[in-house]
């Protein structure tokens, strides 16, 4: 039986210095975490071909394909040959941290389809699956093409091709003739239209960016002279792609995905793992454990802060009103959690700033310390408010604070106290009038 999962050598890697996508040699994107390399995926058929989700551009007829990078770049091209013609698919993501590039701060994955010869009937399949395929999102038509919706997370596919939408997937057929071109742009949150002529300029800028980062054979002979010269240059470009510009940290995430895709059982082949990889995997596991500890830490801090508030209500209610107070508080907290907890979680996780696992961990620790410090001083503070403040500070340091959302949060905080005071006054008046206590 043929293995449905591909080997390492059947993949190319593209990215924007903050995340990476795996593109197979038949132009299928089957791994892409959003927004960061350690974030949950929207395509993960590399792990489950049936449910994982993918984004493919392939000829409808039988084909042969080959894949290669544009020389000295991380811009990837897949070339298809069919009985009736030739088609190419060019995939790239503009680096987010190059200020000299157009749209350098926008998270966009570009796919350019071009018919090189003859006529090629093409099938485009778009099957996003959020959170490692735990969620099948809603897809609907949008002014620029398609909109993918899951609560507060919106992804857009810019295209002028008509798609058929069904059960969280979109599919299109189009016949390309020699010289025909089509762009597909996968965009996060920002649905501003990018003209196709500008797409060409962005591709040229991206090619130039990677060539500027690539090794130049200045000496004669080159220091890498020999049979492995081209592979050394390719390795350097790949390492650059996996290196975060702000920290210099090299991600192991994508290497892990390729190892999974290859079907190699690394536990049974310890000789194939370097000590460096073992160390980095251990570090990742340690960080996950620390996240659980930080969750417990912030829960403890929340308990220390909130318990006195509930106790104060009991003291005010007196012995005859404790049952009513407990019932009202329980019902209110349960309803609030069911109706709004998911939305608040999404806002804090995605809408205030981008963050990786280590930054999220330190934000949790900082919030816990602030809440406990306020409790020691007898100050009744909001744990959520302090958590948002920690994330805002993180966003300012990272340079990607989402100020529109932050202004909304600030306005909500500003209005909370007077509205709560008025509402509490009304409730107190009603209770007093009815002689409930």
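Just so you know, all these numbers are worked out from the coordinates, no wet-lab data involved. Computed from a predicted structure; not experimentally measured. Positions of Cβ are generated from backbone atoms using ideal geometry, with glycine treated the same way; all protein chains shown enter the neighbour counts.
Placing a pseudo-label 7 Å from each Cα along the Cα-to-Cβ vector at residue 218 and residue 292 gives an inter-label distance of 5.0 nm.
Highest average first, the peptides 359-372, 64-77 ordered by how many other beta carbon atoms sit within 10 Å of their residues are 359-372, 64-77.
The slack between residue 9 and residue 334, meaning 0.36 nm per residue of separation minus the straight C-alpha distance, is 111.9 nm. Relative to the current alpha-carbon distance between residue 192 and residue 422, full extension at 0.36 nm per residue lengthens the span by 78.7 nm. When peptides 29-36, 138-145 are sorted by average Cβ neighbour count within 10 Å, with the highest value leading, the order is 29-36, 138-145.
At 0.36 nm per residue, and after removing the present C-alpha to C-alpha distance, how many nm does the segment from residue 136 to residue 400 gain when stretched out fully?
Roughly 92.2 nm would be gained on extension.
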